[in-house]
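Everything on this sheet refers to the single structure shown next.
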Amino acid sequence: MDLHDYKDVAENYDLYLEAMYSQENNHEGFQEFYLNLARHYGKGGVVDIACGTGAVLLYLAERGIEVDGTDLSEEMCKVAAAKAEAMGLSLNIYPADMTGFSSGRKYSLAIIARSGFMHLPTQELQIAALRNIREQLTDGGILTFNTFDPWPAVQAQQMQTDPKKDYSLRLEYVNRDGNREKIYNAITYDPYSQQMYGYWKFETYDDAGNVIGERVRPLLMRETYRSEVFLLAQLCGFEVQAIYRGYKGDREVLSDITTAALYSSNLIWILRKK
Ligand SMILES: C[S@@+](CC[C@H](N)C(=O)[O-])C[C@H]1O[C@@H](n2cnc3c(N)ncnc32)[C@H](O)[C@@H]1O
């Protein structure tokens, strides 16, 4: 079980994400970015992979894009499906691992939005996912996902973190039951596996400020260097067509891609099936 597999995490996801991104938003403009991509590349159908609670899926569907959604977490799918129903949208949303999903049809655009790809914890799983997604695409189909350029100073800091006890406060929000909740996390980094792993702790308060509950949920992610993405693409039958620096960012010049990135670069990769 990982963070998003838990019912309580799925049901509070939209609420805590809103609080998280009101402080620091690495994903500003993401829905509009994917809508533009879908209008350009999605004529043969779109699949939102690791769709979570449907932030992209529902945004596109509401605007007339033909889109399916899939996510490893049944709980996230349930939340997305309930939101779709409340909006009067009839959508195909189903739980599946991106390393093996197939809906029996092909798509001209596959989207993995907002960090979904980083939840594949090994290179083997990344390869399995890319190869499977390629199978689900029409000829010349497009896959997009993003990576955060790893940054040694942050890695060094995280390597000092004990994931069992070095919690730091990440944010505060009001949960779906109306209780104030603080979220802490303790995340460490292993330079050999390039994995970030640790725990998120949700501390719940009553109106008088007393702690009335605590839930600890694990998280495992992998950092991927830009040079790896080029090799992964080549290995799995894709070519890198473009890279955007952030959802509102500039398109990278292809000849300049291998130069060092600025810290905090949220790289949005556009891969074409060869
Ligand atoms: C950070 S959330 C992003 C959700 C959504 N794309 C969004 O923008 O709100 C990452 C999602 O990836 C899903 N996920 C993790 N590993 C997966 C896998 N192997 N296959 C499919 N989904 C996966 C999680 O369940 C979670 O919902």
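Worth pointing out:
- Above-threshold pairs, the threshold being 32 Å between Cα atoms, out of K164/K248; K83/K248; K43/K78; K43/K83; K83/K106: K164/K248
- Between the beta carbons of R39 and R131, assuming R0 = 30 Å, the FRET efficiency works out to 0.65 to the nearest 0.05.
- Magnitude of the charge dipole for the chain, about its Cα centre and with charges confined to Cβ atoms of Lys, Arg (+1) and Asp, Glu (-1), is about 780 debye.
- Residues L125, L232, L169, sorted so that the one with the fewest Cβ neighbours within 10 Å comes first: L169, L125, L232
- With loop membership from DSSP and a limit of 13 other Cβ atoms within 10 Å, the longest segment of the chain without chymotrypsin sites (Phe, Trp or Tyr not before Pro) is 1-191.
- Across the range 50-55, coupling constants 3J(HN,Hα) worked out from phi with the 6.51/-1.76/1.60 Karplus curve, θ = phi - 60°, read 6, 6, x, 8, x, 3 Hz, and Gly and Pro carry x.
- Counting only residues at least eight positions apart within a chain, or on another chain, the aspartates and glutamates with an alpha carbon under 18 Å from that of K165 are D190, E203, E214.
- DSSP-assigned coil residues among trypsin sites (Lys or Arg not before Pro) in the range 128-206, each with at most 10 further Cβ atoms within 10 Å: K165
- Distance between modelled label sites at D162 and N25, nm, 7 Å Cα→Cβ extension: 3.8
- With 0.36 nm allotted per residue and the present C-alpha distance subtracted, the Y94-L235 stretch has 48.0 nm of extension available.
- Under 19 Å from the Cα of K273 - aspartates and glutamates, other chains or at least 8 residues apart: D48, E135, D139, E228, E239
- Overall form of the range 150-218 per C-alpha gyration tensor (a/c, 1.5; a/b vs b/c): prolate
Every read-out reported here was derived from the displayed coordinates using simple, explicitly stated rules and does not represent laboratory data. These figures come from a predicted structure and were not determined experimentally. Cβ atoms come from the backbone with ideal geometry, glycine included; neighbour counts cover every protein chain shown.
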